[in-house]
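**Q** My questions all concern the structure below.
The values are calculated or read from the model by the stated rules, or taken from the named source; none is laboratory data. Fair warning: this is a prediction, and the values are worked out from it, not measured in the lab. Here the Cβ is made from the backbone with ideal geometry for all residues, glycine too, and neighbour counts use every protein chain on show. The protein model used for the area step is the full one, side chains on, heavy atoms only, and it has no ligands, DNA or RNA in it. Shrake-Rupley method; radii C 1.70, N 1.55, O 1.52, S 1.80 Å.
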Amino acid sequence: MKRGLSLQAALAAYRADAELAPLPDQPDPDALLHAYHPDYLRGSMTKLTIGANAGADCQRELADLLQAEAFIDEADLAGAQVTDTDVLVVGGGGAGCAAALAAAERGARVLLATKLRLGDSNTVMAEGGIQAAIEPGDTAQQHMQDTLRSGHHAGDPALVAALVGDGPETIRWLIHQGMQFDQTPSGDLHTRKAGGTSAPRVVHCRDYTGLEMMRVLREAVKQHRGIEVWEQSPVVELLSNERGQKCVGAVLGSLADGSMRIVRTRSVILATGGLGRLHLNGFPTSNHIGATGDGLVLAYRMGAKLCELDSFQYHPTGLVHPAHLYGKLVTEGVRAAGALLLNAHGQRFVDELQPRDIVSAAIIRECREGRGIHNDNGVGVWLDTPRLERSQPGLLEREFPKLLTRTRHVGIDPRREPILVHPTLHYQNGGVVIDVDGATTVPGLYAAGEVAGGIHGRNRIMGNALLDIIGFGRRAGRAAAAAEHDRGPKKITLEHVNRARRELTLAGLPLEQRAPRVLPAYTAAGKDIWKS
Ligand SMILES: Cc1cc2nc3c(=O)[nH]c(=O)nc-3n(C[C@H](O)[C@H](O)[C@H](O)COP(=O)(O)OP(=O)(O)OC[C@H]3O[C@@H](n4cnc5c(N)ncnc54)[C@H](O)[C@@H]3O)c2cc1C
């Protein structure tokens, strides 16, 4: 990497009123992605050796976890307390809460188990908003085309049709739950246009949409008599029938006292979110501390098929400094409102509202080729917020209070000083293969939200994740509740774990690494879990 300008020198040269040269001709998008996007970094991919995706490309650090030993074996189950329920929902973010509510509304007894506290999740951190084709002149077809095109046509059209078709009803449902959205002076829902889309359709609550969403979902779950919530209770393994072919429950560890509990159930819904905290390719992340890809590991060991394991979203605008906020998100909403990206020489280098993968690749190119801005933490480019403030006075204060609060705490006023940004690991594009009801390829096992794949192809557009978690969360909840009861006593086994161990041994793969990871090893609790 060529060294760019120092932060001090770049700040001294920066002027919010400088005239900007026209955007230079843009390179072929595929060539740009192949040269600079982290998915194409040399050595970043490997082929899986065992499991339902054997032979497929997979990001190297994720492959190590998918092909790791289980945390537990039969001895750990002896004497463990057993709880019966109809539907076990794993994960207390948006998808988990939506699934739990839908299943309970169908009369199922629901147990929602979550790793940390209810609501500790990526959902609560979501900023920019949620997509739905609600504006006059916009259509579900346009929304579908935008989603497929931005995902490089790798998304499953049936899933995308379900996603966009659920849009307007999802917003109505959220409003019915009590969620507030920003409105225009005439009382309509206020919309923003996301990168890679053809129409404004992102509805939002300032720049803390996820906080507002999680507030109402959490309240609804807590108040529902049909839902029991277990906090600090990560699932460390699933349970299978005698042949290891059907999911019949899960083993939960307690973060409070280390004990193990068994939950026996007719359906399990994985809603465990993403994997940013694996810091793939050494990147910082925007994700919450529990985003360690556990659901992928659990589903894969159970025999479920996964997809797009070589495709991840690096959001273009993660903060570069101060150090403790490294990787934290600046919402795309700021670019949607008109903020430009400038390199160290004060030049624009990309259309800021191209799909995220293109914008990220262009930022990485500028940094590698010596047109980045360095400080002690790393390198980045300017997000030109003072120019935005000049053109629309008061906008930052009005629409992005979270950004202003966060930066002011560290002595930066984005209305006067541009923000130094660099791509941050943000989203898992692929995941567990599902159908439109959230059913995986393993009977009894459902998945919804970021852990599931096939919807966003190889690049997600802003606002489609929040739509996905509510739409598919509710779909999975309804289907899981309707699943047939097994007759007779249910045998719970770890047969799938034994099968995976045999495969690992036959393939000559090491048995030392254990997964799911549960918490990053750099947290105190994560270290302990890893040792035990
Ligand atoms: C900073 C940020 C901003 C974002 N902004 C937007 C936006 O504006 N619009 C948009 O559409 N998308 C946005 N996204 C993406 C979106 O928020 C997420 O993709 C989505 O909320 C994921 O929801 P989820 O329910 O699938 O996962 P999460 O909300 O992450 O919930 C997963 C839950 O599962 C729990 N869990 C994990 N492993 C286990 C286990 N082993 N056992 C038990 N529980 C477990 C976690 O603790 C957590 O409670 C943003 C993401 C981030 C990080």
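**Q** For a quick check: with amide H placed at 1.01 Å from N, whose amide H comes under 5 Å from Lys246's, ignoring anything fewer than 5 positions away on the same chain?
**A** Amide H neighbours of Lys246: Asn241.
**Q** Cα atoms only: what Rg and Dmax, in Å, come out for the chain?
**A** Cα radius of gyration and Dmax of the chain are 22.9, 76 Å respectively.
**Q** As I understand it, the value is the acute angle between the Cα axis of helix 495-506 and the longest principal axis of the Cα atoms of the chain; what does it come to in degrees, rounded to 10?
**A** It is inclined by approximately 70 degrees.
**Q** Modelled label-to-label distance, Asp28 and Arg172, 7 Å Cα→beta-carbon offset: nm?
**A** Simple spin-label model gives 4.7 nm for this pair.
**Q** Whole-Å semi-axes of the stretch 95-156's equivalent ellipsoid, largest first, each the root of 5 times a Cα gyration tensor eigenvalue?
**A** Gyration-tensor ellipsoid for the stretch 95-156: 30, 16, 13 Å.
**Q** Taking R0 as 45 Å, what FRET efficiency do you get between Ala507 and Ala482 from their Cβ-Cβ distance, rounded to the nearest 0.05?
**A** Once rounded, the FRET efficiency stands at 0.75.
**Q** Let me ask something else. Using amide H atoms built 1.01 Å from N in the peptide plane, name the residues 5+ places from Gly293, or on other chains, whose amide H lies under 5 Å from its own.
**A** Amide H neighbours of Gly293, under 5 Å, 5+ apart: Leu275.
**Q** Something else: Find the accessible area per residue for the stretch 100-175; the probe is 1.4 Å, ligands and nucleic acids are left out, and the unit is Å².
**A** Working: 2870 Å² over 76 residues.
Result: 38 Å² of accessible area for each residue.
**Q** Just to check I understand the Karplus step: with θ = phi - 60° and J = 6.51 cos²θ - 1.76 cosθ + 1.60, what whole-Hz values come out for the stretch 297-309, glycine and proline as x?
**A** 5, 4, 5, 5, 5, 6, x, 6, 7, 10, 9, 6, 7
**Q** Let's test the formula: R0 of 51 Å, r as the Cβ-Cβ distance of Ser198 and Tyr326. What FRET efficiency results, to the nearest 0.05?
**A** Working: r = 34 Å, r/R0 = 0.67.
Computed FRET efficiency for Ser198 and Tyr326: 0.90.
**Q** According to a simple spin-label model (label point 7 Å from Cα along Cα-to-Cβ), what is the distance in nm between Ala9 and Tyr522?
**A** Here the modelled spin labels are 2.8 nm apart.
**Q** Once the Cα atoms of helix 209-223 and of the chain are each reduced to a long axis, what angle between those two axes, in degrees from 0 to 90 to the nearest 10, is obtained?
**A** Orientation of helix 209-223: about 30 degrees from the principal axis.
**Q** So how do Ser259, Ser360, Ser186 rank on accessible area, 1.4 Å probe, biggest first, that is with the largest at the start? Don't skip to the end; give the middle numbers.
**A** On the way: Ser259 50, Ser360 0, Ser186 95 Å².
Final ranking, largest accessible area leading: Ser186, Ser259, Ser360.
**Q** If one takes the longest principal axis of the Cα atoms in the chain, at what angle in degrees, from 0 to 90 and to the nearest 10, does the Cα axis of helix 356-368 lie?
**A** So the inclination is approximately 60 degrees.
**Q** Run a plain Debye calculation on the stretch 194-331 (Cα atoms as equal point scatterers, no solvent) and give log10 I(q)/I(0) at q = 0.10, 0.14, 0.19, 0.20 Å⁻¹, rounded to two decimals, same order as the q list.
**A** Ignoring solvent entirely, the Cα scatterers give -0.50, -0.96, -1.33, -1.36.
**Q** Oh, and also: If I stretch the segment between Ala54 and His190 completely, what's the gain in nm (0.36 nm per residue apart, minus their alpha carbon distance), one decimal? Intermediate results must be reported in sequence, preceding the final value.
**A** Values: separation 136, 0.36 × 136 = 48.96 nm, distance 4.61 nm.
Contour length minus the Cα-Cα distance gives 44.4 nm.
**Q** For the stretch 9-143, build the charge dipole from Cβ charges (+1 Lys, Arg; -1 Asp, Glu) around the Cα centre, then report which of Gln141, Leu66, Gln131 sits farthest towards its positive end.
**A** Checking the options against the dipole of the stretch 9-143, the answer is Leu66.
**Q** Further question on the same structure: Tell me whether the stretch 160-222 comes out rounded, prolate or oblate; compute the Cα gyration tensor, take square roots of the eigenvalues as a ≥ b ≥ c, and use a/c under 1.5 as the rounded threshold.
**A** Here the stretch 160-222 falls in the oblate category.
**Q** What are the semi-axes of the equivalent ellipsoid of the stretch 1-145, taken as the square roots of 5 times the eigenvalues of the Cα gyration tensor, listed largest first and rounded to whole Å?
**A** Largest first, the stretch 1-145 gives 43, 28, 20 Å.
**Q** Another question, if that's okay. Put Glu352, Glu417 in order of accessible area, largest first, 1.4 Å probe: what do you get?
**A** Most to least solvent-accessible, the answer reads Glu417, Glu352.
**Q** For the stretch 285-396, compute Rh as the Kirkwood radius over C-alpha pairs and then the Stokes-Einstein diffusion coefficient at 37 °C and 0.692 mPa s; write the answer in µm²/s, rounded to an integer.
**A** Values: Rh = 16.0 Å.
The calculation lands on 205 µm²/s.
**Q** Let me ask something else. List the lysines whose Cα lies under 27 Å from the Cα of Lys222, skipping any in the same chain that are fewer than 8 positions away.
**A** Output for Lys222: Lys115, Lys402.
**Q** Sort the stretch 54-118 into rounded, prolate or oblate with this rule: let a ≥ b ≥ c be the square roots of the eigenvalues of the Cα gyration tensor; rounded if a/c is under 1.5, and if a/c is not under 1.5, prolate when a/b is larger than b/c, oblate otherwise.
**A** Verdict is oblate for the stretch 54-118.
**Q** Residue separation times 0.36 nm, minus the C-alpha to C-alpha distance between Gln145 and Glu242: what's the value?
**A** Result: 30.5 nm gained on full extension.
**Q** Taking the DSSP beta bridges in the chain as the whole, what percent of them are antiparallel, to the nearest 5? Mind showing how you got there, number by number?
**A** Working: 37 of 63 bridges.
If I count the DSSP bridges inside the chain, around 60 percent turn out antiparallel.
**Q** Cα extents of the stretch 490-532 along the three principal axes, largest first, in whole Å?
**A** The principal-axis extents, from largest down, are 33, 33, 13 Å.
**Q** Oh, and also: Order the peptides 439-446, 378-385 from the highest to the lowest mean number of other Cβ atoms within 10 Å of their residues. Provide the component values of the computation, followed by the final result.
**A** On the way: 439-446: 22.6, 378-385: 25.2.
Taking the mean over residues of other Cβ atoms within 10 Å, the ranking is 378-385, 439-446.
**Q** Would you mind computing Rg(Cα) / (2.2 N^0.38 Å) for the stretch 399-442, counting N as its residues?
**A** Dividing the Cα radius of gyration by 2.2 N^0.38 Å gives 2.06.
**Q** I would also like to ask the following. Rank by packing, highest mean first: peptides 132-142, 363-373, with packing defined as the count of other Cβ atoms within 10 Å averaged across residues. Intermediate values should be presented prior to the final figure.
**A** Values: 132-142: 15.3, 363-373: 21.6.
Result, highest mean first: 363-373, 132-142.
**Q** Using the Karplus equation 6.51 cos²θ - 1.76 cosθ + 1.60 (θ = phi - 60°), what ³J(HN,Hα) coupling, rounded to whole Hz, does each residue of the stretch 122-132 give in order, writing x for Gly and Pro?
**A** Residue by residue, the stretch 122-132 yields 6, 4, 5, 8, 4, 10, x, x, 10, 7, 6 Hz.
**Q** Once you have a ≥ b ≥ c as the square roots of the Cα gyration tensor eigenvalues for the stretch 422-521, tell me rounded if a/c is under 1.5, and otherwise prolate or oblate according to whether a/b is larger than b/c.
**A** Because a/c hits 1.5 or more and a/b fails to exceed b/c, the stretch 422-521 counts as oblate.
**Q** Let me ask something else about it. Give the cross-link partners of Lys491 among the lysines, using a straight C-alpha distance below 20 Å as the criterion and excluding same-chain residues fewer than 8 apart.
**A** Straight-distance partners of Lys491: Lys246.
**Q** Another question about this same structure. What translational diffusion coefficient, in µm²/s and rounded to a whole number, does the Stokes-Einstein relation yield for the stretch 120-202 at 20 °C and a viscosity of 1.002 mPa s, taking the hydrodynamic radius as the Kirkwood radius over Cα pairs?
**A** My calculation gives 156 µm²/s for D.
**Q** How much length, in nm to one decimal, is gained on full extension between Glu135 and Val82, taken as 0.36 nm per residue of separation minus their Cα-Cα distance?
**A** 14.1 nm
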